[in-house]
Amino acid sequence: MSQLKTFLAGAAAMAGGLIAVVLLTGARDPGKLAAFDEITVGRINVVEPDGTRRLVISNRAQFPGDFMQGKEGERPDRRAFAGMLFINDEGTENGGLIQKGSISADGKVSSGLSLTFDRFRQDQALQLLNNDSANHRQTGVRINDVPYFQKTSMADIQRFGEEARKLPADQRDAYWQKLSDEGRLSVNRIWLGNTRDKGSALQLKDAQGRVRMMLLVSADGAPLIQMLDERGNVSKTISPGSKD
């Protein structure tokens with residue numbers, strides 16, 4: 001009987017120990033669901049079961065660099081923003097939402113927000129933006145033609161910039177124009193937003209980024225349609241007073 005009592009006591013102690021382990025480690029079980037009324041964090045990494053990052057939500061201090069095929073690159077210039085990055089199946093960045101807003105001691109505002117969607121392994125194909133500074137306010141939508149990543153990679157874009165900086169200043173425009181003519185650069189095709197004189201505009205551009213048609217409404221409400229030639233000269237204007 002004493003041996004039976006000893007066995008039962010040991011079994012009870014073991015069961016109690018197992019329950020304690022489960023309770024203490026259950027929060028680390030990847031399959032466990034948890035509910036919170038509120039959570040305060042500096043950064044959240046959303047990952048797939050294999051560890052591939054798919055979404056990063058971060059404050060400014062911990063904001064990540066850029067991601068290309070699972071590898072993170074240094075981007076100290078991004079530490080001015082808080083927001084989130086979208087990352088695709090292979091671990092490559094494909095857009096994001098960033099925002100900042102501050103006012104200096106002398107009362108100057110520096111504020112902005114940008115929501116972007118990138119082409120695969122490339123840069124921004126669509127951008128919704130708002131910038132507010134002491135000198136200028138801009139709100140609009142940009143739609144860009146972005147080259148296929150096998151024609152121009154993100155590494156190529158960085159290299160283009162480095163090569164341009166090595167050239168004499170009077171040769172840089174020709175260098176960039178050559179790359180543009182070869183289809184190696186992104187080109188803005190559509191801009192919809194406000195203008196510096198408090199009007200609104202829709203600009204439609206050709207494959208070289210030249211404005212060919214504009215729909216304008218001035219600050220005082222006057223509507224206008226302009227058609228432009230390859231050199232940027234207005235070839236036709238349609239206004240409420242036009243006869244055709």
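The values are calculated or read from the model by the stated rules, or taken from the named source; none is laboratory data. This structure is a prediction, so every number in the text was calculated from the model and none was measured. Reconstructed Cβ throughout: ideal geometry from the backbone, glycine too, with neighbour counts over all protein chains shown. These area figures cover heavy atoms from the full protein model, side chains too; ligands, DNA and RNA do not enter into them. Shrake-Rupley method; radii C 1.70, N 1.55, O 1.52, S 1.80 Å.
Before moving on, here are some points about what is shown:
- Among 75-87, 153-165, 191-203, 97-109, sorting by the average number of other beta carbon atoms lying within 10 angstrom of each residue, highest first, gives 75-87, 191-203, 153-165, 97-109.
- Global dimensions of the chain from alpha-carbon coordinates: Rg and Dmax equal 28.1, 113 Å.
- In the stretch 119-153, the chymotrypsin sites (Phe, Trp or Tyr not before Pro) that fall in loop regions by DSSP, at most 12 other Cβ within 10 Å: Phe120, Tyr148
- Between the Cα long axis of helix 169-181 and the first principal axis of the chain there is an angle of about 80°, rounded to the nearest 10.
- For the chain, size of Cβ-based charge dipole, Lys and Arg +1, Asp and Glu -1, in debye: 200 debye
- Nearest-10 value in Å² for the accessible area of Thr40, using the 1.4 Å probe: 120 Å²
- Pairwise FRET efficiency - Lys100 versus Thr139, Cβ, R0 = 22 Å, nearest 0.05: 0.90
- Within-12-Å neighbourhood charge of Arg79 [Cβ basis; K, R +1; D, E -1]: +2
- Label positions at Ser200 and Arg212, each projected 7 Å from the Cα along the C-beta direction, are separated by 2.5 nm.
- The chain: angle of helix 2-25 to the longest principal axis, Cα-based, in degrees nearest 10: 10 degrees
- Per residue Cα convex hull volume in Å³ - calculated over the stretch 110-232: 139 Å³
- Reachable lysines, given that their alpha-carbon falls under 29 Å from the alpha-carbon of Lys166 and they are not under 8 places away in the same chain: Lys71, Lys151, Lys178
- Across the stretch 22-137, counting alpha-carbon atoms alone, Rg and Dmax equal 17.3, 60 Å.
- Cβ-Cβ distance of Glu48 and Leu192, R₀ of 35 Å, FRET efficiency by 1/(1 + (r/R0)^6): the value works out to about 0.45.
- Rounded, prolate or oblate (a/c below 1.5 giving rounded, otherwise prolate when a/b exceeds b/c) for the stretch 105-167 by Cα gyration tensor: oblate
- Loop sites in the stretch 61-113: GluC sites (Glu not before Pro), DSSP, at most 16 other Cβ within 10 Å: Glu74, Glu90
- In whole angstrom, the stretch 39-85 maps to an equivalent ellipsoid with semi-axes of 18, 15, 6, each derived as √(5λ) from the alpha carbon gyration tensor and ordered largest first.
- The residue list Gly83, Ile39, Leu216 was ranked by how far each Cα lies along the charge dipole of the chain toward its positive end, using unit charges on Cβ atoms, and Ile39 comes out on top.
- Choice from Val211, Val234, Val146 showing the highest fluctuation, given a GNM over the chain with Cα pairs closer than 10 Å: Val234
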